[in-house]
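Asks: Here it is, the structure in full.
Each reported figure results from applying straightforward, stated rules to the coordinates on display, with no laboratory input. If you're wondering where the values come from, they're calculated on a predicted model, not measured in any experiment. Every residue, glycine as well, gets a Cβ built from its backbone with ideal geometry; the counts of neighbours run over all protein chains shown.
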Amino acid sequence: MVPGLVENLPTAPHQFSNNNSVPQDIFPDGIRTSGQHPPLYDLLVPYDKFPKQIIGPTVWKAEDYTKNPERWTYVFNEEEVAELSETADVFLQSGIPLTGISKDNFPLPGLQRLLTTLRDDLLNGKGFILFKGFPVKLWGNRKSAVAYMGLGTYLGYFVSQNGRGHVLGHVKDLGEDASQIDKVRIYRTNARQFFHADDSDIVGLLCVAKALEGGESDIVSSHHVYNTLRTERPDVLKTLTEPIWYFDRKGETSTGEEEYIRTSVFYLEAPDPANPAAERRVYSKWDPYYVRSLARFSDKGIIPPLSAAQTEALQVLEDTCMRLSLHMVLDVGDIQFLSNEHVLHSRTEYKDYPAPAPRRHLMRLWLSTPESEGGWRLPFKDSREKKRGGIQVNNTKPVAPEDAE
């Protein structure tokens, strides 16, 4: 039987989890990645309650930046590189594992002000930046990973990116079959990635090695996409705001959890209890691969198949994102940080250099920015946790491999 769309709704007021009790021998900092959760359905609102237009710095157009790279790129200067290098060397000598990096043991007094400003811009502004001049070839993978993760601690908390507990991810073609979308994570292939948002507040990508061809990045303001659809295709936007979309979890589930999550693509922030009249911003959560991969459940009648309206909405959303997107190329030593709240990103298909040249390789971070530290009020039960989101399978230990595995 197809599950009802309003069954088992939570009852307000909600008891948000604080993730207080975790095994210290597995999670040394006492904080566990919360993992994936369905939304709190009674906090979702109908389409007519959504704003007719979004305004502000989160709404941007590609032409605002295409010819003005200085508005979205930052080149590390010699002093900043030296500070990263010295702090990374001290950390390496300390013997602390990579999973133990924090602002407390990775001081960056020279860069801290810049990173504080950047964090605010990622959360509340345009939502993206491209750093250049990170000396990855000089430092090698281990030191680069340490410096990169140390940088990341000033933007958020590391959360696990897969069922193996990777808090340092590696975007690299491992020869897996991209057509097996119900089993394979696309970042482990060379296939095109359609516009999507990762399961964290902020995503970082450090380019360690480039492809021979392709593997280039496109990003788009989901708020600009929202406004465009509101004008051009309000029927599609309405479909995208409805909690009728099932997302695959591809087996990365803890004991007793369902293999899929029913949610929306666009929805509003949760109300602010301290200020009920405060703005509720539009949040986007999307990845078409996770929607298309559910035939094993819909064929058996466990969940409904995509309707004609959903199939059209899926295509219109992708086409609109592509039409409005900003294209960028990551060179070796570039770091791209993006908001997953209001920016969608994609990647072109790519081809690697022949062996023995290194394959295209990006180090990835998923970072959490909880409510208590200025993060968005998300309509999920873990919104107030420090390491909200991510993928956590049972008590899998966080690890930070220095290369893909």
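Asks: What residue, among those in region 293-327 that are in a loop (DSSP other than H, G, I, E, B), surrounded by fewer than 18 Cβ atoms within 10 Å (Cβ to Cβ) and small (Gly, Ala, Ser), is nearest to the chain's Cα centre (by Cα)?
Replies: Step by step, filter region 293-327, then rank; the result is Ser307.
Asks: Can you tell me which residues in region 131-149 are outside any loop (DSSP other than H, G, I, E, B) and surrounded by fewer than 22 Cβ atoms within 10 Å (Cβ to Cβ)?
Replies: Here is the first cut: in region 131-149, the ones outside any loop (DSSP other than H, G, I, E, B) are 131-132, 136-149.
The answer is Phe131, Lys132, Lys137, Leu138, Trp139, Gly140, Asn141, Arg142, Lys143.
Asks: While we're looking at this one, here's another question. Considering only region 186-198, I want to know if a residue exists there that is touching a Ser or Thr at 6+ places or on another chain (Cβ under 8 Å) and of a type in the set (Asp, Glu).
Replies: no
Asks: Hey, another quick one. Would you pick out the residues in region 287-334 that are among the β-branched types (Val, Ile, Thr), farther than 16 Å from Arg192 by Cβ and in contact with a strand residue (DSSP E or B) (Cβ under 8 Å, 6 or more places away or on another chain)? Walk me through it before giving the result.
Replies: Quick first cut of region 287-334, residues among the β-branched types (Val, Ile, Thr) only: 291, 302-303, 311, 316, 320, 329, 332.
Those still in the list that are farther than 16 Å from Arg192 by Cβ too: 302-303, 311, 316, 320, 332.
Answer for region 287-334, where residues must be among the β-branched types (Val, Ile, Thr), farther than 16 Å from Arg192 by Cβ and in contact with a strand residue (DSSP E or B) (Cβ under 8 Å, 6 or more places away or on another chain): Ile303, Val332.
Asks: Could you look through region 63-89, keep only residues that are of a type in the set (S, T, N, Q) and in contact (Cβ under 8 Å) with a residue 60 or more places away in the chain, and pick out the one that is nearest to Val136 (Cα to Cα)?
Replies: In the first step, residues of region 63-89 are kept if they are of a type in the set (S, T, N, Q); the result is 66, 68, 73, 77, 85, 87.
So of that shortlist, the ones also in contact (Cβ under 8 Å) with a residue 60 or more places away in the chain come out as 66, 85, 87.
On the way: Thr66: 26, Ser85: 11, Thr87: 15 Å.
Of everything passing the filter in region 63-89, Ser85 is nearest to Val136 (Cα to Cα).
Asks: If a residue counts only when it is among the hydrophobic types (A, V, I, L, M, F, W, C), which strands (runs of 3 or more DSSP E) contained entirely in region 237-292 have at least 2 such residues?
Replies: Values: elements: 245-248, 260-263, 266-268, 282-284.
It comes to 245-248, 266-268.
Asks: Every residue in region 97-108 that is closer than 13 Å to Arg142 by Cβ and free of Cβ contacts under 8 Å to residues at least 60 places away in the same chain, please. Working first, answer last.
Replies: Of all residues in region 97-108, those closer than 13 Å to Arg142 by Cβ come to 97-98, 101.
Listed by number, the list holds a single entry, Ile101.
Asks: Still on this model: Restricting to region 34-50, what's the tally of residues that are crowded, with 18+ Cβ neighbours inside 10 Å and either among the aliphatic types (A, V, I, L, M) or outside any loop (DSSP other than H, G, I, E, B) (or both)?
Replies: Number of matching residues: 4.
Asks: So His166 fits all but one of (1) of a type outside the set (Phe, Trp, Tyr); (2) free of Cβ contacts under 8 Å to residues at least 60 places away in the same chain; (3) out of contact with any helix residue (DSSP H, G or I) (no Cβ under 9 Å at 6 or more places or on another chain); what number is the exception?
Replies: Here His166 meets the rest and fails (2).
Asks: Which is in a loop (DSSP other than H, G, I, E, B), more than 29 Å from Gly140 (Cβ to Cβ) and not polar (S, T, N, Q), of Asp120, Asp25?
Replies: Asp25
Asks: Condition first: buried (at least 22 other Cβ atoms within 10 Å of the Cβ) and touching a Cys at 6+ places or on another chain (Cβ under 7 Å). Can you find one or more residues in region 213-227 that meet it?
Replies: Yes, because at least one residue in region 213-227 is buried (at least 22 other Cβ atoms within 10 Å of the Cβ) and touching a Cys at 6+ places or on another chain (Cβ under 7 Å).
Asks: Is it the case, given these coordinates, that Arg359 is touching a helix residue (DSSP H, G or I) at 6+ places or on another chain (Cβ under 6 Å), surrounded by fewer than 22 Cβ atoms within 10 Å (Cβ to Cβ) and either free of Cβ contacts under 8 Å to residues at least 12 places away in the same chain or outside any strand (DSSP E or B) (or both)?
Replies: Working: touching a helix residue (DSSP H, G or I) at 6+ places or on another chain (Cβ under 6 Å): no; surrounded by fewer than 22 Cβ atoms within 10 Å (Cβ to Cβ): yes; either free of Cβ contacts under 8 Å to residues at least 12 places away in the same chain or outside any strand (DSSP E or B) (or both): yes.
So Arg359 does not fit the description; no.
Asks: Okay, moving on. Scan region 17-62 for residues that are touching a residue at least 40 places away in the same chain (Cβ under 8 Å) and hydroxyl-bearing (Ser, Thr, Tyr) and jot them down.
Replies: Matches in region 17-62: Ser17, Thr33, Ser34, Tyr41, Tyr47, Thr58.
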